[in-house]
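Participant: For reference, the structure I am asking about is given below.
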Amino acid sequence: MKIFKKIINFFLDLLFPIECVGCQKENIWLCEECFKKINLNLKNFCPFCGKPARMGCICQQCLTHSPLKNIFIVSFYNEKILKQAIHVFKYNNIRDLAKPLGKIIINFLYQSKLNFLFNDSYFLIPISLHRKRLFERGFNQSELLIREIAQKFKISILNNVLKRKRNTQSQTKLKEKERRKNIKNVFICLQPEIIKNKNIILFDDILTTGSTLKEAARALKKAGAKTITGLVLAKG
Ligand SMILES: [Zn+2]
Ligand SMILES: [Zn+2]
């Protein structure tokens, strides 16, 4: 059995050689130099409308229809190396990229002094995939990333409480209005008794219009969550 596995790995390495997503240096998925090139978010803007707002804050106007209190954005999807890393992580199923990508999030939390905020009074929840997509991919990318954060800051992860009821059409090609319709009522909270009165950090890898995050937050709010803070790796 072991030999069989070795043979498979040998051919996998031939097909998908390990090389840096940024500079193609061999034997590493994201080298130190490329890692350093990824800029973290230092801008102060509202994640929904883009107007100036304090770091992580949603502007007064957008707050009126947001179930989330804050959304912290680690970096941007137009950071070339980050984009490539996320793509390879998700679509080429390279789980080893969870470590460096998790480190980017951790660095951001320290830099923004959020490490003081994110403590054991919070609970982490990843945006869930539909079971069909989970089966295809074999893992939930968001879940792998938050394991890194959870470990570092001693925050518990609440898995299997947020369920995606139906498999939605990919959001990438849809306009904002269509996105909202596509995602409406997609999430359900399976165990409201667990969520009740808790401070939740809801994590997603990419934020575009924010409709997915809002819809998931709505389900958690309905279940009795006390506060919901968003955390996103990259804004598109
Ligand atoms: Zn590199
Ligand atoms: Zn706004």
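Participant: Whether any residue in region 156-169 is part of a helix (DSSP H, G or I) and more than 15 Å from E215 (Cα to Cα) is what I want to check. Walk me through how you get there before you give the answer.
Facilitator: In the first step, residues of region 156-169 are kept if they are part of a helix (DSSP H, G or I); the result is none.
Within region 156-169, not a single residue is part of a helix (DSSP H, G or I) and more than 15 Å from E215 (Cα to Cα).
Participant: Read through the list (1) in contact (Cβ under 8 Å) with a residue 40 or more places away in the chain; (2) basic (K, R); (3) over 15 Å from E79 (Cβ atoms), then give the number of the only condition that K51 fails.
Facilitator: With (1) in contact (Cβ under 8 Å) with a residue 40 or more places away in the chain; (2) basic (K, R); (3) over 15 Å from E79 (Cβ atoms) applied to K51, the lone miss is (1).
Participant: Against the condition within 16 Å of ligand 1 (Cβ to nearest atom) and either part of a loop (DSSP other than H, G, I, E, B) or surrounded by fewer than 19 Cβ atoms within 10 Å (Cβ to Cβ) (or both), how does Q61 come out, does it pass?
Facilitator: Numbers: within 16 Å of ligand 1 (Cβ to nearest atom): no; either part of a loop (DSSP other than H, G, I, E, B) or surrounded by fewer than 19 Cβ atoms within 10 Å (Cβ to Cβ) (or both): yes.
No.
Participant: Can I ask one more? Give the residue, chosen from F139, F153, F135, that is among the aromatic types (F, W, Y), at pLDDT below 95, surrounded by fewer than 18 Cβ atoms within 10 Å (Cβ to Cβ) and in contact with a helix residue (DSSP H, G or I) (Cβ under 8 Å, 6 or more places away or on another chain). Spell out the reasoning first.
Facilitator: Details: F153 fails: surrounded by fewer than 18 Cβ atoms within 10 Å (Cβ to Cβ); F135 fails: in contact with a helix residue (DSSP H, G or I) (Cβ under 8 Å, 6 or more places away or on another chain).
After ruling out the rest, the residue left standing is F139.
Participant: If we keep just the residues of region 65-86 that are modelled with pLDDT of 95 or more and surrounded by fewer than 15 Cβ atoms within 10 Å (Cβ to Cβ), which is nearest to ligand 2 (Cβ to nearest atom)?
Facilitator: N78
Participant: Just to check your reading of the model, which residue among F48, F89 is under 18 Å from the mean Cα position of the chain (by Cα), assigned by TED's automatic domain parsing to the domain that holds L129 and closer than 30 Å to E136 by Cα?
Facilitator: Working: F48 fails: closer than 30 Å to E136 by Cα.
Of F48, F89, the one residue that is under 18 Å from the mean Cα position of the chain (by Cα), assigned by TED's automatic domain parsing to the domain that holds L129 and closer than 30 Å to E136 by Cα is F89.
Participant: Hey, another quick one. Can you name every residue in region 64-93 that is within 24 Å of L117 (Cα to Cα), part of a loop (DSSP other than H, G, I, E, B) and either aliphatic (A, V, I, L, M) or in contact with a strand residue (DSSP E or B) (Cβ under 7 Å, 6 or more places away or on another chain) (or both)?
Facilitator: Listed by number, the residues that qualify are P67, L68, K69.
The values are calculated or read from the model by the stated rules, or taken from the named source; none is laboratory data. Please read these numbers as outputs of a predicted model, since none were measured by experiment. Using ideal geometry, Cβ is built from the backbone for each residue, glycine included, and neighbour counts are taken over all protein chains shown.
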